Amino acid sequence: MMKTRTVCQFVLAITVLSQSADLSADEGQLWKEVALLSHSQPLGRSGTITKEFAAKRNTSVKKLIAILRNTRLSKSRRVAAARMLGVLRASEAVDDLLQQLTLMPDLSDECVFLCQVALIQIGKPASRKALLLLQKKNSPLRTMLLREIVKQVEGRDVAIFLVRAEINSIQNPEARARMNAVLKQLSKR
């Protein structure tokens, strides 16, 4: 029941976006294609992904990444692109979605959360990159967002294990201190 409602809401959002006055005809078609791709069967008779599905998905992902990168477009279009990249589980978009987390000024920006949700939907590729970025100097907001991506994708216990393993392999004392702070936050109940 819940999945059907979510699918209906998603298709409705795509339809509304595709009919928006500020969208080009090509972009409107893109939203429709993504909706169809996200709910179609990618497997052929042999159990492998069909070439047609893979080609359409790759083209759609490239277009969505271009929309996400274009800061001149409206925020709603970029947010929709981020959301759809998550729905498609587009691991190719991890770097761009992570970059969006640094571009947003504060938590009031809905794009921050939708990029985070998209990264969580993408899963392990996003978690691995987030874990590496946690070693670098980040704002407290970005550190929290990256920590939550790892925690949501991996689960709390596995996230703690991964951070401990990362701490043991780090040579840089500053990066080690940052990861120890992440470990401390993850260990809180």
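Readers should treat all values here as calculations from the given coordinates under stated rules, not as data from a laboratory. This structure is a prediction, so every number in the text was calculated from the model and none was measured.
The phi-based Karplus calculation (6.51 cos²θ - 1.76 cosθ + 1.60; θ = phi - 60°) puts the 3J(HN,Hα) values of segment 128-140 at 4, 5, 4, 4, 5, 5, 5, 6, 8, 6, 10, 5, x Hz, whole numbers, x for Gly and Pro.
Quick one: grab the alpha carbon gyration tensor of segment 123-189, order the square roots of its eigenvalues as a ≥ b ≥ c, and give me rounded if a/c is under 1.5, else prolate or oblate depending on whether a/b is larger than b/c. It is rounded, given that a/c, with a ≥ b ≥ c, falls under 1.5. Note that segment 176-184 has calculated 3J(HN,Hα) couplings of 4, 5, 4, 5, 5, 5, 5, 4, 4 Hz, one per residue in order, obtained from phi through the Karplus relation 6.51 cos²θ - 1.76 cosθ + 1.60 (θ = phi - 60°); glycine and proline are x. Couplings 3J(HN,Hα) of segment 59-74, computed from phi: 5, 5, 4, 4, 5, 5, 5, 4, 5, 4, 6, 7, 6, 7, 7, 5 Hz, in residue order, whole Hz [Karplus 6.51 cos²θ - 1.76 cosθ + 1.60, θ = phi - 60°; x for Gly and Pro].
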